[in-house]
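Working notes, structure below.
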Amino acid sequence: EAVYKLKPDLIIVQEEHNASAERLDSLGIPYLIINTSTIPDIFESLRLLGGVFQTEAAAEATIRRLERRMAEIAEITKDAPKRKVLISVGRNMGTGGLSDVYVAGRTTLYNEMLELIGAENVYSGNLKYARLSSEGILRLEPDVVIDLIPDLEKSVKMSARQVQSEWDDLAAIPAVQNGEVYVFGDDYVCAPGPRFILALDDIARVVHPGLFAEVVE
């Protein structure tokens, strides 16, 4: 009802928010459903929105820019060793340890990023996002752990180092032993849109640090 009072010309809804779309339909509010689950989906959504807002040329220019950077990263990492990576997309924090860690599976945008840089997703199950226990993570033996926590200090009021230290409970995994647990706290790390390229760049740099001349931010 609050949205209805704003009298929008159009609302853009992600595909997974079907319930919201149905409610908008019942209120007679025009909406457009987009899908940003994969990189091709993101490109298609850009083209769709470019058509709606009559900015087709800008949309295509953005896609070309993203494709160029993807190709550059793929070229840089093409001969790199295949490292095993765990990407955490959510977990209980502030407890002093690890519990209920949700990891990205093989049908996610993050798996596409790992494939593009020649890395291996340690979780090979059928779930899109799987909840793993500490014991389950120990069995997977990741070489690299990437903890995604958008707007880190605002959302959980912890520093990256504090978040990182909770992984010390798993001292037996290579990622902890070798100091390769990374915390990404920027707002774009879990935003499925054209800024995925920033997350891809971040991931590539920590998985294959010796291949990039620039300093990891």
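Every number here is computed from the coordinates shown, using simple stated rules; none is lab data. All of these numbers come straight from a predicted model, not from anything done at the bench. When we count neighbours, we look across all protein chains shown, and the Cβ atoms used for this are built from the backbone with ideal geometry, even at glycine.
For residue 110, what is the net charge nearby, where nearby means another residue's Cβ is under 13 Å from its Cβ and Lys, Arg count +1, Asp, Glu -1? Can you show the working numbers first?
Working: positive: 106, 128; negative: 112, 115, 120, 147, 202.
Combined, the nearby Lys, Arg, Asp and Glu give -3.
Among 133-143, 98-108, what's the highest-first ranking by average C-beta atoms within 10 angstrom per residue?
Ranked from most to least packed, the peptides come out as 98-108, 133-143.
At residue 54 and residue 127, where each label point lies 7 Å from the Cα along Cα→Cβ, what is the point-to-point distance in nanometres?
Output for this residue pair reads 4.8 nm.
Relative to the Cα centre, what is the charge dipole magnitude of the chain, using +1 at the beta carbon of each Lys and Arg, -1 at the beta carbon of each Asp and Glu, and rounding to the nearest 20 debye?
Numbers: 22 positive and 34 negative charges, 23 e Å.
With Lys and Arg at +1 and Asp and Glu at -1, about 100 debye.
Sort 200-207, 61-68 by packing, meaning the average of other beta carbons within 10 Å per residue, with the highest value first. All intermediate terms of the calculation are to be shown ahead of the outcome.
On the way: 200-207: 21.8, 61-68: 13.9.
For the peptides 200-207, 61-68, the packing ranking is 200-207, 61-68.
Amide H neighbours of residue 13 under 5 Å, counting only residues 5+ apart in sequence or on other chains, H built in-plane at 1.01 Å?
Here the answer is 32, 33, 34, since their amide H atoms fall under 5 Å of that of residue 13.
Roughly what would the spin-label model give for residue 106 and residue 14, points 7 Å off Cα along C-beta, in nm?
It is 2.4 nm.
Can you give me the distance in nm between label points at residue 82 and residue 151, each placed 7 Å from the Cα along the Cα-to-Cβ direction?
3.9
When N counts the residues of segment 106-147, how does its alpha-carbon radius of gyration compare numerically with 2.2 N^0.38 Å, as a ratio? Write down the numbers at each step before the final one.
Working: Rg = 10.4 Å, N = 42, 2.2 N^0.38 = 9.1 Å.
Ratio of Cα Rg to 2.2 N^0.38 Å: 1.14.
Show log10 I(q)/I(0) for the chain at q = 0.11, 0.15 Å⁻¹, two decimals, from a solvent-free Debye sum over equal Cα scatterers.
For the chain at q = 0.11, 0.15 Å⁻¹, log10 I(q)/I(0) is -0.62, -1.04.
Quick one: Cα centre-to-centre distance for segment 113-154 and segment 1-51, in angstrom?
Measuring centre to centre over Cα atoms gives 30 Å.
Based on DSSP H runs of at least 4 residues, each adding -39500 (n - 2.57), what is the mean residue ellipticity at 222 nm of the chain after dividing by all its residues, to the nearest 500 deg cm²/dmol? Let's see the in-between values first.
On the way: 10 runs with 92 residues, N = 217.
So the calculated ellipticity at 222 nm is -12000 deg cm²/dmol.
In what sequence, highest mean first, do 36-42, 145-151, 12-18 appear when ranked by Cβ atoms within 10 angstrom?
145-151, 36-42, 12-18
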